[in-house]
Structures are given as structure tokens and as C-alpha cells.
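Chemist: I am attaching a structure below and will ask some questions about it afterwards.
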Amino acid sequence: MRRKISLKPITLLLLLVTFVSFGKEQEGHGEQKTDQKTEIKEYIQHHLQDSYDFSLFSYTTETGEHKHFGFPLPVILWDNGLKVFSSSKFHHGETVAEVDGSFYKVHHSKIYKVDGADGQIIEDDHHHATNEKPLDFSITKNVTMIMMVFLIMFFMFKRMASAYKKNGGMPKGMGRFLEPIVLYVRDEIAIPNIGKKHYKRYMSYLLTVFFFVWIVNLFGLTPIGMNVTNNIAVTFCLAIITYLITTFSGNKNYWKHIFWMPGVPVPMKIILAPIELLGTFIKPFALMIRLYANITAGHIVLMSIIGMMFVFNNWLGSSLSFLLAFVLGILELLVAALQAYIFTVLSALYFGMAVEEHDHH
């Protein structure tokens, strides 16, 4: 007997926590003589950016003091030698950090060198920082989230595998939840797109990328702002792994259809070859942009609608904005799973094209 899990309580809880966090930030900035729309825009940009500390929420006291709740992360720089220190030295980007006689400042989620304790970031005409930037290998919030998801996935599948061994191949506990998803990825994604002969070679990667994208997307809906897949570098790495697997898995028929397509006149083969070769790069690029753009757009729209509550500042406008944000929150839960599904399906499709066997007569 299947148990139905309602998404509404989960969405409402996430939305209420986000609302409280957002409200605290806006309440704190309410004392300042700045435009409220600008504050909301800056808050959204801050929510989307990576950071060097793990902030749960923050607010400003009546005396103007900023209070942050969270914990610092290790900063690892290479600047005439290895420099390792805690991000607490930046005081959430408000002060300059002094390390072994060198001074560093955070500017737009990047670390730059400055001249001294009172040093400033110098910008050019296009508002780009011109200060020297050291090599940065820091453990940022997104890196921490990736490590957390790795541990979560390792724990889930380790428990599932152990349960199978103890119960003679029968799922137990967490395995009862994971098994239908694993079977769905195998029977509805891998086998139809790759084929029964080759699908087992790719199942480990397909399952990994499906659960990774799904879990990080769900965490991205929480107010602590762990938006891993709205970082173009993360989606680029996922896309390049799919590209490399496809490229190195390609058989002679795959490459023949790219460089010398059978059944086509020779002049057309010469024209089609560079187009088909370019297509091998366009496919992973589309994977990268699709995941990045959908997740980023969803966060921006949801946070903007929540910000409209403070712009309207009346019961009618705020109530309508909250209702719209609630509906969009439910949609975002579905989008989190949908983007994981799309990325996995397209990866399986590219693998299937690479190992497909053709009979030419």
C-alpha cells in the first residue's frame, strides 16, 4: 500500500522560514535611508551568491549593529605561499583580514588584496575590481554543500546496500524509498535511451547525477541560500563529465556519423562534418545552461515575490504575494526533481547515441 506524501506542509514550512529570514533582514535595514526596492534587489543578489561563511540568518539591532547567526569556513589562499585562516577575520565581508603581513578584502564574493587595514577595492570604469587577486582554494558555502550532499548520498546508498545483503535482496528502511527511484532511472531512462546491452556501464553515473542534482536543488529552496546549481561552474563541471563520457564511449559508428555520414553525397559530407562536430560541444553546453538558468530564474522570481510583500506593505497586496509565493514554492519543488530528470535523460540519450550500433546496407 503506497503512502501519499503531501508537498504542501513541506512547501509552507520552507516558505514561512524564508519569509521570517527575509523579514528580519528587511526589518533591520528599515532604519536606513535607502530605497527599499534597492535593498530587496541587493538581498536577492546576496542570497544567490556563494560566500566564505555559513550564515543561517542575520538582522540589524536598534543600535545599528549587524548580528549574524552561522559559522565560519576555512579560507585557503596561495599568495607567495600558502595562507590558511578562518573566514571570521572578514566579519562577514565588513572588515579587512590581516594574514602574515598581507591584507585581504571580500568584494562581490571574491577575495582581493588591499594596501592595508584601511585599504579599499579600486574599480575601473566598468566597476570591475583592479586589485590583485590571489589564487583561491577556499572551502566556500557551495563547496560545503557539495560535501554534505556527498555524505548524504553515501549514507543513503550504503544503508540501502547493507539492507539488501542482510535481507536476501529485499529492500528495508530507506531502501523502500530509494528502490522505486533507482528502478525508474533504470527502466524508464537508461534502458530506453542506451539499450539493454550497454546501459549497465552508465547506471552509476546516471544515478549519481540524478540524486545529486535533485538533492542540491531541494537544499537550494531553503532560506540559508545553498544554491549550488545556480553556480555556472558547478553546472559546467556536470556537463563536461557528460561530454567526456560520451566522447570516450563513442564507437566507430558514432564518429563515422559525425565525420563521414553514410548515405550522403560527398559534398554534403564535407559541409555536415564541421556542423556535426560542433554539435558535440553544443549538447553539453545546452545541458549546462538549461540547469543553471532554470534554477537561477526560479530563485529570483520566488525571492522577488516575497520581497513584494514588503513593497506593498498592506494586507491585500501582501496576502496576494504570499499566496503567489506559496504556489510558486510548490512549483519549485517539482522543478527541483524535473531538472534532475531532464539532465539525467539527456545524458542517457547522448550515451545511447555514442554506443548505438548501425547496420549499413
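Chemist: Looking at the stretch 186-207, can you tell me whether even one residue there is surrounded by 15 or more Cβ atoms within 10 Å (Cβ to Cβ), basic (Lys, Arg) and farther than 27 Å from Thr246 by Cβ?
Modeler: No; the residues of the stretch 186-207 include none that is surrounded by 15 or more Cβ atoms within 10 Å (Cβ to Cβ), basic (Lys, Arg) and farther than 27 Å from Thr246 by Cβ.
Chemist: Please give the number of the condition Phe322 fails out of (1) surrounded by 14 or more Cβ atoms within 10 Å (Cβ to Cβ); (2) over 30 Å from Gln49 (Cα atoms); (3) modelled with pLDDT under 85.
Modeler: So Phe322 meets the others, but not (2).
Chemist: Now a separate question. Need pairs with beta-carbon distance below 6 Å; first residue closer than 17 Å to Thr140 by Cα and within the stretch 228-239, second small (Gly, Ala, Ser) and part of a helix (DSSP H, G or I); sequence gap 6+ or separate chains.
Modeler: Hits for this filter: zero, empty list.
Condition check ((1) over 20 Å from Leu334 (Cβ atoms); (2) basic (Lys, Arg)) across all residues:
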{"site": "Met174", "(1), (2)": "yes, no"}
{"site": "Glu188", "(1), (2)": "no, no"}
{"site": "Ile194", "(1), (2)": "yes, no"}
{"site": "His198", "(1), (2)": "yes, no"}
{"site": "Arg201", "(1), (2)": "yes, yes"}
{"site": "Val213", "(1), (2)": "no, no"}
{"site": "Asn231", "(1), (2)": "yes, no"}
{"site": "Ile240", "(1), (2)": "yes, no"}
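Chemist: Let me ask something additional. Return the total of residues in the stretch 122-145 being free of Cβ contacts under 8 Å to residues at least 24 places away in the same chain and surrounded by fewer than 15 Cβ atoms within 10 Å (Cβ to Cβ).
Modeler: Qualifying residue count, the stretch 122-145: 9.
Chemist: How do the helices (runs of 4 or more DSSP H) wholly within the stretch 116-201 filter down when requiring 2 or more residues that are aromatic (Phe, Trp, Tyr) and either closer than 19 Å to Ala337 by Cβ or outside the structural domain of Ala97 (by TED's automatic domain parsing) (or both): which remain?
Modeler: Working: elements: 141-166, 174-184, 191-194.
In the stretch 116-201, the matching helices (runs of 4 or more DSSP H) lie at 141-166, 174-184.
The values are calculated or read from the model by the stated rules, or taken from the named source; none is laboratory data. Note that the structure is predicted; figures quoted are calculated from it, not measured. Every residue, glycine among them, receives a Cβ derived from its backbone with ideal geometry; neighbour counts consider all protein chains shown.
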